[in-house]
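Participant: Below is a structure I'd like to ask you about.
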Amino acid sequence: MIKQIFILGSIAMMIYMDVRAQSITGRPLSLQECVQTAFANNLDVKQSDLDMQRAAVSWRQSKANMLPNISGQIDHTLNQGRSIDLSTNSYVNQQQTSGSYSLSGNVTLFNGLRLLNTLKSTQYAYEASKMELQQLKDQLMLNVMLAYLQILTSADLLKQAQTQTDLTQKQVERLETLNQEGAIKPSDLTDMRGQLADNKLSVITNQNNLEAARLSLSQLMNVPYNRDLQVESLRADQLELNYATTPDSIFQIALQQLAIIKAADLRTKSAEKAVQAARGNLFPSLGMGAGFYTPYSSAARDSAANKIEYYDQLSNNYRTYVGLGINIPIFNNLRFRNQITLAKIDLKSAEYVAKTRQIQLRQAIERDFVNMTAAKNKYQALVDQVTAYAESSRAAEARYYAGASTVVDFLIAKNNYDRANVNLIIARYDFVLRTKILDYYQGKPLW
């Protein structure tokens, strides 16, 4: 029943995800929805989850290894010719039926703490696998966020390019009318037509970039590509421009928050316990065993040569035993010594990995903080530049319409304004990305 419920639940989840994938472009998606969809559909995440489940089984088995081993055995034999009578332990030459029943068990009392250290090692390995699964999700989340912001950037750039194209088209239409009346130089019209062609090329380029960004996000979410995929807007001016923290404080928080650091530390602890478990093989092991045994034979007879009944034999012939045993390792081809050496090498490797992860994390935080600061300064400077070029563009347009300047002067002012707007859009989302990455290091919500 439990298996059937699990199967039905899995089918229902697959149907739900399929419907979700089909309807995922019906409305603008939030960043959270994109990330959750990617988590649900990404096969690497599912594979990592299986690795975590495998580690959990190893941990449970390590706990079970500390329990006693208990086994029972039942034997029934039909003998022909010469055989041993279990009731007298002597040879007989006749057909007989024999049987035996036994129950035995043993438990390890001490083996150099190998079982206990193995248990702790597998427990740390299981905890590390959970952190590694989370790290894979974190990396996927960052990739989704990057593709998400790329869609927003490309969409805004496309809108900017379309606006520029519409305005230039109106200018071309106006100049065509003036040219027919002979009121302007023909070169003014051709210059404006060249500007229109350049604007149209910018629209095509940004449209292609937008399609590429949508494709990238769809692939990260593992859903069919749809060119109508839309995402919710995210404005940089909704964020605090003054990021009140330092790289060192971010690093100290990240050491406590990031799954990749926790996973490396847990792998180191697991390797330490593995070394201790390997050393346990050098110590004597002490065990205790106990059991019950009773035989039956159809040839069994009493002193009066009467056949002894089945249940009487079982009750009369049983025996129990209990004992202690010690196993002392003396020489085993240096196998245990080499196992210890290999475990120490694994421990040193895990320590190097953990240290490398911390160094890489500090360097990444310092780099991203510098990039965030630069993005903020660039964004603020471009805001001022756009304001200035907007005024220059309006003044140049007024002078051009009044006949006080040439079309070249007008186009220069217009292109400066358009280029500043494009740079502002790019800088806005670059700043958003940098702040989101720093928030991720500190474990802050990203939506």
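Participant: Going residue by residue through the range 225-232, is there one that turns out to be among the aromatic types (F, W, Y), open to solvent by 50 Å² or more (accessible area, probe 1.4 Å) and modelled with pLDDT under 95?
Facilitator: Checked against the condition, which is being among the aromatic types (F, W, Y), open to solvent by 50 Å² or more (accessible area, probe 1.4 Å) and modelled with pLDDT under 95, the range 225-232 yields at least one hit.
Participant: Taking the residues in the range 68-92 that are of a type in the set (A, V, I, L, M, F, W, C) and within 55 Å of the chain's Cα centre (by Cα) as candidates, determine which candidate is farthest from A290 (Cα to Cα).
Facilitator: Ranking the qualifying residues of the range 68-92, first place goes to I74.
Participant: Of the conditions (1) open to solvent by less than 60 Å² (accessible area, probe 1.4 Å); (2) among the acidic types (D, E); (3) modelled with pLDDT of 80 or more, D75 clears all except one; give me its number.
Facilitator: Every listed condition holds for D75 apart from (1).
Participant: Let me ask you something else. Which of (1) open to solvent by 60 Å² or more (accessible area, probe 1.4 Å); (2) in contact with a Cys (Cβ under 7 Å, 6 or more places away or on another chain) does M221 not meet, given it meets every other one?
Facilitator: The number of the failed condition is (1).
Participant: Could I ask something else about it? Name the residue that is modelled with the highest pLDDT, counting only residues in the range 397-414 that are under 20 Å from A161 (Cβ atoms) and surrounded by 16 or more Cβ atoms within 10 Å (Cβ to Cβ).
Facilitator: Only one residue tops the list, namely A413.
Participant: Can you pull out every residue in the range 259-289 that is open to solvent by less than 60 Å² (accessible area, probe 1.4 Å) and either in contact with a strand residue (DSSP E or B) (Cβ under 7 Å, 6 or more places away or on another chain) or among the polar types (S, T, N, Q) (or both)?
Facilitator: T268, S270, N281, P284, S285, G287, G289
Participant: Somewhere in the range 57-76, is a residue over 30 Å from A254 (Cβ atoms) and touching a His at 6+ places or on another chain (Cβ under 6 Å)?
Facilitator: No: zero hits.
Participant: Here are the criteria: (1) among the β-branched types (V, I, T); (2) within 37 Å of the chain's Cα centre (by Cα); (3) open to solvent by less than 70 Å² (accessible area, probe 1.4 Å). Tell me which single one V383 does not satisfy.
Facilitator: It fails just one condition, (2).
Participant: For Y352, all conditions in the list (1) open to solvent by less than 90 Å² (accessible area, probe 1.4 Å); (2) of a type outside the set (A, V, I, L, M, F, W, C); (3) at pLDDT 90 or above hold save one; what is the number of the exception?
Facilitator: In the conditions (1) open to solvent by less than 90 Å² (accessible area, probe 1.4 Å); (2) of a type outside the set (A, V, I, L, M, F, W, C); (3) at pLDDT 90 or above, Y352 misses (1) alone.
Participant: Further question on the same structure: So for the range 394-415 (the condition being of a type in the set (G, A, S) and under 30 Å from L361 (Cβ atoms)), does at least one residue qualify?
Facilitator: No, the range 394-415 contains no residue that is of a type in the set (G, A, S) and under 30 Å from L361 (Cβ atoms).
Participant: Of all the residues that make up the range 177-197, how many are surrounded by 15 or more Cβ atoms within 10 Å (Cβ to Cβ) and either aromatic (F, W, Y) or part of a helix (DSSP H, G or I) (or both)?
Facilitator: 8
Participant: Does any residue of the range 145-167 turn out to be surrounded by 15 or more Cβ atoms within 10 Å (Cβ to Cβ), touching a Leu at 6+ places or on another chain (Cβ under 8 Å) and outside any helix (DSSP H, G or I)?
Facilitator: No, every residue in the range 145-167 fails to be surrounded by 15 or more Cβ atoms within 10 Å (Cβ to Cβ), touching a Leu at 6+ places or on another chain (Cβ under 8 Å) and outside any helix (DSSP H, G or I).
Participant: Same structure again: Output the residues belonging to the range 318-337 that are surrounded by 11 or more Cβ atoms within 10 Å (Cβ to Cβ) and either of a type in the set (A, V, I, L, M, F, W, C) or touching a His at 6+ places or on another chain (Cβ under 6 Å) (or both).
Facilitator: Passing the criteria: only F336.
Participant: Now a separate question. Give me the pairs, please: first residue somewhere in the range 273-297 and over 30 Å from D85 (Cα atoms) and in contact (Cβ under 8 Å) with a residue 24 or more places away in the chain, second residue anywhere and acidic (D, E) and open to solvent by 40 Å² or more (accessible area, probe 1.4 Å), beta-carbon distance under 9 Å, and either six or more positions apart or on two chains.
Facilitator: Final answer for the pair search is A274/D346; V275/D346.
The values are calculated or read from the model by the stated rules, or taken from the named source; none is laboratory data. Bear in mind the structure is a predicted one, so any value in this text is a computation, not a measurement. Don't worry about glycine lacking a Cβ; one is built from the backbone with ideal geometry, like all the others, and counts go over all protein chains shown. These accessible areas exclude ligands, DNA and RNA; they are computed on the full protein's heavy atoms, side chains included. Shrake-Rupley method; radii C 1.70, N 1.55, O 1.52, S 1.80 Å.
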